[in-house]
Structures are given as C-alpha cells and as structure tokens.
1. Out of 171, 137, report the one residue that is open to solvent by 10 Å² or more (accessible area, probe 1.4 Å) and touching a Phe, Trp or Tyr at 6+ places or on another chain (Cβ under 8 Å).
2. Residues that are in contact (Cβ under 8 Å) with a residue 60 or more places away in the chain: which strands (runs of 3 or more DSSP E) entirely in segment 36-122 hold 2 or more of them?
3. Checking residue 127 against (1) part of a strand (DSSP E or B); (2) open to solvent by 20 Å² or more (accessible area, probe 1.4 Å); (3) touching a Lys or Arg at 6+ places or on another chain (Cβ under 8 Å), which test does it fail?
4. If a residue has to be crowded, with 16+ Cβ neighbours inside 10 Å and not hydroxyl-bearing (Ser, Thr, Tyr) to count, how many in segment 195-205 make the cut?
5. Suppose we filter 189, 143 for residues that are part of a loop (DSSP other than H, G, I, E, B) and open to solvent by 30 Å² or more (accessible area, probe 1.4 Å); which single one remains?
6. Do we find that residue 91 is at pLDDT 95 or above and more than 16 Å from the ligand (Cβ to nearest atom) in this structure?
7. Could you pull out the residue among 196, 172, 138 that is among the β-branched types (Val, Ile, Thr), in the same structural domain as residue 105 (by TED's automatic domain parsing) and farther than 16 Å from residue 49 by Cβ?
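The values are calculated or read from the model by the stated rules, or taken from the named source; none is laboratory data. Owing to the predicted nature of the structure, the values given are computational and were not obtained by experimental measurement. With ideal geometry, Cβ positions are generated from the backbone for all residues, glycine too; neighbour counts draw on all protein chains shown. Each accessible area value is taken on the protein alone, full model and side chains, heavy atoms only, with ligands, DNA and RNA left out. Shrake-Rupley method; radii C 1.70, N 1.55, O 1.52, S 1.80 Å.
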Amino acid sequence: MVALAAIPLAVCGPGEPASEASSAEAGGPVLPTQGVYGRSPAAAGGIPSVIMLTHVAGTDVPDADEGAVTIDQFGLTFSPTRIVTRPGVSVVFTNSEAAVAHNVRVRAVGDTVDVLDADANPGERLTVELPAPGGYDVLCDMHPGMTAFMFASDATHTALAETDGTFVLEDVPPGTYTLQLWTADDRVHEPRRIEVGTGHTGIDLALPG
Ligand SMILES: [Cu+2]
C-alpha cells in the first residue's frame, strides 16, 4: 500500500486572486471560494473517482433527506447521469417519455447482483434505496448506452470527479477532515486527514504510474 502524500497545489488566503487567473489561463478547474479542489485518478470505464470528506469534529452534519434525488428517463437518456445520494435514502426514477418504455437495472460497480431490475413504462415511478456506501451502475436493458452512475456516501462532503480526475468540493468550512478516495478498481485507498483552511485548498490524489 502506497501512502499518499498531501501535495498542496496551491493554498491561497484572501487577497491572493492571482491563482484564479493562472488557473483559468491553464484551463484548470474553477476554484471554490471556500473549499477543496485538486486531481484524482482519471475515470475508468466511464466510472469517475469519488472524493469524500468527513468533518472530524462531527459538527458538519448533512440533512437527513439529503440525497433524495429523482432521475428522469426522457429522450433515451437518464437525467441527470451522475448523482450522489446516501445509503438508505430513496432515489426515484421517473419516465417522462410519451410512449417509450424503459428498464432500470441498478448494480454495485463490479457486482453481478441487481439492487433493482424493473420495467419503467411512461408515467411510472420506481424507487430504490442503495444498501451500502459505494458506486452503482444504472443501465437500461432496452437501450444499450443508456447509462447513469450513482454514488452512495456517508461523508459530509462528496464530489464526483470529472473524466480527467479533476474535482471541486464547494463550501467546505475550515477544519480537520478525513479524506477518503474511491475508485472503480479494487484498489484500497487508505483514509487520511487533511486540514482545510480559509479559501481554497489544493489536494493531489492522482496515483503514481
Ligand atoms: Cu431505455
């Protein structure tokens, strides 16, 4: 197991707007006014890296119904195609097509057991509760290529990274956090502590090699 070192990309306090300009020139991420940004492993097979922060002090508690999300099926696509929810919170699938039937199949990434496998006719609603933290593929058996990704997280702040691995977590108050990285492969990423300061804090989670 390789211990990941914290590599601050940039830690800026108030009155240091230069890094925003340099980031924009480089085509980098839009930095959060208050939060964490950085790099993580690139997406694998369309499955993004996921970055989770949990406030060590435990005062940064999310709402109980946070993660109650609706995914619609319309135009032969799921919308949105990427969501973050919480284990045990209901995710609703709707079908807004005029006449196209769909199917919703939900599986944990890398698993072969269906969490949900049901037909979704126009006007119908399906509900699923993800049983455990982690990533879940969403497929429609009737339309290959019609896919979505759901991630169930217990963390107080969760970000799905972009395809290239860049990520931004907005509105993370200053403090000490446990950072956990999740990727679609079986690699175990050891949790670690990070300090979030005032302004934006850069973290490099991209793995060597
Ligand atoms: Cu479909």
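1. Just one listed residue meets the conditions, 137.
2. Where strands (runs of 3 or more DSSP E) fall fully within segment 36-122 and carry at least 2 residues being in contact (Cβ under 8 Å) with a residue 60 or more places away in the chain, they are 50-55, 70-74, 77-79, 82-85.
3. (3)
4. Matching residues across segment 195-205 total 6.
5. 143
6. So residue 91 passes the test.
7. After ruling out the rest, the residue left standing is 138.
To keep it simple, each residue is scored yes or no on (1) among the charged types (D, E, K, R); (2) within 16 Å of the ligand (Cβ to nearest atom); (3) at pLDDT 95 or above.
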| residue | (1), (2), (3) |
| --- | --- |
| 106 | no, yes, yes |
| 148 | no, yes, yes |
| 160 | no, no, yes |
| 206 | no, no, no |
